[in-house]
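Contents: one structure, followed by commentary.
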Amino acid sequence: MMAALGAMAQTGTIKGTVKDAVSGEPIIGASIRLAGTALGNTADLEGNFEIAKVTPGTYELIVSFLSYKTDTVSNVTVVAGEVTTINTSLFEEGTQLNEVVIGGIRDRASDQILLGERRNASIAVENIGAIELSVKGVNDVGSGLVKMTGITKVASRGIYVRGLGDRYNNAYLNSMPLPSPDQNKKVVELDIFPTTIVRNIAVAKTYQADQFGDVSGASIDIFTKDPAQENFLTVGLGVNYNTVTTYKDFITNRDGSSDYLGLSGSKREGPVAVDYNGIHRFNGETDPFKTTFGRQHINAPIDNNFNIDAGRSINLGTSKLGIIFSGSYRNSYRADFGPNLVLNSMQDPDKNFDRDRYAFNTNLTGLLGTSFAWNENNVIRANYLFVNNSNNTYTTSLGDDFDVDSPSTTDRLRLRSRYLQTRMHNIQLGSDNTISNNLKVKWGGSYSTASTDEPDRRELSFTTPQGVKNEGTVSSTGLGGSQRYYQLTDEKEYYAFGEAAYSFGKPNSQDKRNKITLGYQRRNKDRDVSFRSYQLLFPPGSALLNVPMNVDRLEEVLDDEAYGSGDYTYNDIVDGSNRSKANRTIDAGYAYADLNITSRLSIIPGLRVEKTNQSVDYRLQGTGFNDRFTKIESDDFDLLPVVNAKYNITDTKILRLSGSKTLTRPNFVELVPVAYVNENLQSTVGNPLLSNSSIYNVDLKYEIFPTGSELVSFGVFYKNIDKPIEQVRSGPNFISFFNIASAQVYGFEFEFKKRISSFFSSSSKLVNGLVFDGNLSVLHSEVDTDPSKFKDQRTRDLLSAITNTSRQLQGASPYMVNLSMGYDDLFTKSSVQSSIELTYNVFGDRIYNVGTDKRGDEYEKSFGTLDLVIQNTWQSGFGVKLSAKNLLNPDIRLEQESGPNATKDDTITQSYKAGINLGLSLTYRLMGN
């Protein structure tokens with residue numbers, strides 16, 4: 001305590017308020033900074049600000065905000081141990097500007113500003129800003145979302161909001177829709193977006209007419225950093241140690257150094273660069289593929305990351321140009337070890353493997369943003385985002401496969417080398433124009449490309465003595481036994497919009513006017529999916545048959561000499577089903593009004609009209625390359641009404657109500673009846689009979705804002721889904737998708753952010769710096785799988801096979817908890833800003849796979865995560881962050897319940913530990929003139 005007080009005595013503090021010079025109202029979000037330093041802050045809901053730990057001296061204080069003239073307060077003297085008070089007022093800019101100040105844009109990375117926007121918003125929107133993401137040690141958008149109320153992440157299936165998975169959510173970048181490079185997901189994997197490019201993340205769980213209508217969980221909007229409001233350069237680097245993997249034995253393929261940057265390189269190209277429409281005849285003396293089946297053992301290096309941000313603000317007479325660049329690279333080595341089982345209705349294993357999985361992951365991201373304001377009423381913005389994500393996985397599975405082998409004294413050994421590269425380009429252009437005091441217009445558009453390339457997946461199957469992992473005899477029987485596999489998914493998306501907002505009526509006592517908004521949106525998506533399989537064959541008489549091979553030296557056995565001698569070859573599996581195409585075009589018009597019925601009550605009715613044309617082209621297995629595609633077409637017209645209401649009980653207490661109708665559509669891949677075989681040799685096949693689901697949503701929320709930095713919120717919600725789509729496992733090796741009759745989800749949410757000083761006063765800086773925040777979600781979901789509600793006999797038969805007709809919705813957790821405790825300036829020294837944050841989150845058991853044919857449902861079991869983050873930032877711009885994540889290191893488990901025919905208890909089907917992650921990162925920020 002004495003050390004902290006001593007440190008305070010060496011520095012001073014600047015406090016004050018920022019108000020409108022005419023009305024006297026506080027200017028929420030005004031930017032206050034000390035010229036020539038990295039110190040600054042933003043005004044809270046009452047217009048108050050504080051800049052602490054200022055080295056004694058004389059400064060210029062620059063105060064700015066959008067549409068106000070910048071004020072520079074000179075000769076601000078700071079004395080050690082004292083508080084300097086500066087109260088200032090800003091005048092609005094006139095129609096003739098001497099200078100346009102982009103620097104007045106609200107700092108939406110700040111918690112206080114985001115809370116202020118949440119309080120003032122007409123509809124309920126939750127935000128998490130870049131500052132909070134940094135304090136909590138979050139490195140990517142996906143990890144940041146699970147810190148928010150009612151949001152969890154299900155392994156390999158993406159984000160779930162209020163128990164609703166991928167198909168019920170939408171992702172946007174700067175309010176423009178994002179494509180998904182993964183054919184199995186509607187929402188792009190949000191882990192690929194590093195927080196280094198993020199200003200804030202907004203989550204709207206209630207619907208508004210300007211959002212696309214295929215949503216019921218949430219519309220997730222990632223806002224990238226604003227173009228520069230000042231000149232700066234920030235450089236950061238870091239390392240991360242994982243207790244399971246780092247410096248331990250790690251198995252990977254031998255495919256080359258380009259993997260380090262996440263680039264597949266030409267080495268993985270197949271024969272004739274894999275012509276997906278032709279037939280290959282394999283002749284010659286050498287293996288036609290550039291890669292080998294070899295692997296290597298290494299000691300896994302420590303993870304590392306690097307980022308650079310730069311900004312430039314340029315005055316051009318009465319106009320201003322802002323530019324920002326952000327680039328980052330990160331990688332990780334991860335391994336997990338544990339059982340991997342597929343069970344039958346008797347709870348006995350159809351497949352029983354011990355699995356060792358090694359993954360090297362990379363992320364390379366670049367963002368370039370510009371903003372040009374030629375006067376206060378006209379601003380145009382452009383952004384370019386590039387993301388390259390790679391996953392290089394090597395899997396060893398040893399055990400029994402009773403679908404292939406009878407019980408014996410031997411094991412089945414499967415080796416799989418899989419490289420997955422995801423790449424996205426996104427270009428955006430948008431403009432905000434104030435035509436008059438009553439009329440504002442927005443327009444813009446985006447073009448995106450997204451691809452997932454799986455080049456040269458190599459799979460080998462061996463027979464080995466029980467428990468032997470390093471050698472075996474070859475087998476080439478059965479699909480997925482030994483093969484090379486290529487798949488490429490390409491998606492292109494165009495988006496354009498125009499919107500006009502007209503304000504009318506006299507301002508009420510809260511200075512709000514009525515407003516009507518009209519808009520049009522067009523979204524066109526094209527997707528092309530191609531795959532190719534080359535089966536590895538060992539002809540009769542091959543010198544390699546029934547000869548034990550050392551799996552660590554396969555490149556010496558399966559080499560050009562053996563290929564030239566005819567000891568192995570490839571069978572090009574020729575099939576017209578190797579390609580499918582899809583297109584969806586949505587034309588939407590919308591209208592909504594923000595009507596101030598009284599000084600405290602606002603009602604926002606809206607209507608959205610969507611016309612959707614969709615086509616999916618595919619060929620069935622067994623057809624030829626030149627056969628015609630089978631086409632699935634739909635032409636839908638949907639009316640989606642919505643009404644939101646907001647009642648300000650007081651200035652700090654708000655009641656919100658929302659009701660809406662929305663929908664969800666099947667993903668393209670869910671309609672295509674072509675099999676994709678996973679690592680467990682299970683086939684996932686689409687269902688062309690799927691139909692859209694209609695959803696009815698009701699939300700009620702009560703929010704309290706005790707101060708500009710505090711929040712308490714209570715909410716309830718209800719959703720009724722007609723004919724929801726679920727993934728169903730029919731038999732041990734077959735997975736498909738079906739409409740079930742109906743589902744309901746309802747629950748309760750609680751959220752808080754409080755300082756301990758709000759409960760009792762204290763002179764201790766340590767006590768006053770203590771902050772608690774967290775959220776709790778409790779939900780109940782139930783589904784109706786009554787087959788009699790469907791006319792299609794196939795659907796009726798498959799729904800009749802579902803084991804539990806009464807159960808919770810797939811992927812829905814009955815509860816979710818996030819808790820956080822933090823100190824501001826715990827380790828305070830002269831001119832140092834410090835924080836420490838301890839976070840914990842946990843979810844309840846949730847269904848991972850729906851059981852059929854008397855098999856029980858498979859659950860992902862509950863586990864908790866505990867993280868600790870400590871960071872210091874010096875006034876000089878230098879920063880240090882220490883993190884310890886997943887401190888509890890729990891077992892991550894899947895468990896199948898006993899079905900009605902089972903003779904055994906619930907059984908663990910997968911289990912592993914992810915390890916504790918210890919991180920260190922350094923940053924340096926240089927401010928310019």
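Observations on the structure shown:
- Residues of segment 716-748 satisfying the condition of being in contact (Cβ under 8 Å) with a residue 40 or more places away in the chain and either farther than 20 Å from R167 by Cβ or not assigned by TED's automatic domain parsing to the domain that holds V783 (or both): G731, P732, N733, F734
- Answer from R855, R893 - the residue that is more than 30 Å from M927 (Cα to Cα) and not in a loop (DSSP other than H, G, I, E, B): R893
- Sole exception among (1) over 29 Å from the mean Cα position of the chain (by Cα); (2) surrounded by fewer than 20 Cβ atoms within 10 Å (Cβ to Cβ); (3) more than 26 Å from E860 (Cβ to Cβ) for I380, by number: (1)
- Selected residue (only one of T923, T903 is surrounded by fewer than 20 Cβ atoms within 10 Å (Cβ to Cβ) and not in a strand (DSSP E or B)): T903
- On the stretch given as segment 594-608, residues that are of a type in the set (S, T, Y) and under 19 Å from L700 (Cα atoms) total 1.
- Yes/no for D867 being exposed (fewer than 15 other Cβ atoms within 10 Å of the Cβ), touching a strand residue (DSSP E or B) at 6+ places or on another chain (Cβ under 9 Å), acidic (D, E) and assigned by TED's automatic domain parsing to the domain that holds Q833: no
- Screening S580, S565 for residues that are surrounded by fewer than 14 Cβ atoms within 10 Å (Cβ to Cβ) and either within 30 Å of L663 (Cα to Cα) or free of Cβ contacts under 8 Å to residues at least 60 places away in the same chain (or both) leaves exactly one candidate, S565.
- Screening the candidates A218, A209 for the property of being small (G, A, S), farther than 19 Å from Y495 by Cβ and in contact (Cβ under 8 Å) with a residue 24 or more places away in the chain yields one hit, A218.
- Residues satisfying the stated conditions in segment 212-261, i.e. over 27 Å from I298 (Cβ atoms) and of a type in the set (A, V, I, L, M, F, W, C): F212, V215, A218, I220, I222, F223, A228, F232, L233, V235
- Residue within segment 149-168 that is of a type in the set (A, V, I, L, M), closer than 22 Å to K913 by Cα and in contact with a helix residue (DSSP H, G or I) (Cβ under 7 Å, 6 or more places away or on another chain) present: yes
For (1) over 25 Å from R600 (Cα atoms); (2) assigned to a loop (DSSP other than H, G, I, E, B); (3) modelled with pLDDT of 80 or more, each residue gets a yes or a no:
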{"site": "G24", "(1), (2), (3)": "no, yes, no"}
{"site": "I28", "(1), (2), (3)": "no, yes, no"}
{"site": "F49", "(1), (2), (3)": "yes, no, yes"}
{"site": "V63", "(1), (2), (3)": "yes, no, yes"}
{"site": "V73", "(1), (2), (3)": "yes, no, yes"}
{"site": "L114", "(1), (2), (3)": "no, no, no"}
{"site": "R119", "(1), (2), (3)": "no, no, yes"}
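- Within segment 735-751, restricting attention to residues that are buried (at least 16 other Cβ atoms within 10 Å of the Cβ) and of a type in the set (A, V, I, L, M, F, W, C), the residue that is modelled with the highest pLDDT is V745.
- So I847, is it within 30 Å of E710 (Cβ to Cβ) and either without any contact (Cβ under 8 Å) to a residue 12 or more places away in the chain or in a strand (DSSP E or B) (or both): no
- Selection of segment 340-386 for residues being hydroxyl-bearing (S, T, Y) and closer than 17 Å to S313 by Cβ yields T370, S371.
- Qualifying residue in segment 646-669 (condition: more than 29 Å from L607 (Cα to Cα), at pLDDT below 95, of a type in the set (A, V, I, L, M, F, W, C) and in the same structural domain as T795 (by TED's automatic domain parsing)): yes
- Within segment 529-538, not a single residue is under 34 Å from the mean Cα position of the chain (by Cα) and farther than 30 Å from Q483 by Cα.
- Out of V728, V674, one residue alone is in a strand (DSSP E or B), in contact with a Ser or Thr (Cβ under 8 Å, 6 or more places away or on another chain) and among the β-branched types (V, I, T). It is V728.
- Test: residue in segment 551-571 that is in the same structural domain as P465 (by TED's automatic domain parsing), of a type outside the set (A, V, I, L, M), under 27 Å from I721 (Cα atoms) and in contact with a helix residue (DSSP H, G or I) (Cβ under 9 Å, 6 or more places away or on another chain): no
- Counting only strands (runs of 3 or more DSSP E) that sit wholly inside segment 261-377, those with at least 1 residues that are modelled with pLDDT under 90 and assigned by TED's automatic domain parsing to the domain that holds A902 are 303-316, 319-343, 349-375.
- Restricting segment 427-456 to residues that are of a type in the set (V, I, T) and in a strand (DSSP E or B), the residue that is farthest from I516 (Cα to Cα): T452
- Filtering segment 664-694 to residues that are under 18 Å from N613 (Cβ atoms) and surrounded by fewer than 20 Cβ atoms within 10 Å (Cβ to Cβ) leaves P688, S691, N692.
The values are calculated or read from the model by the stated rules, or taken from the named source; none is laboratory data. No experiment lies behind these values; they were computed from the predicted model shown. Note that we place each Cβ from the backbone using ideal geometry, even for glycine, and neighbour counts take in every protein chain shown.
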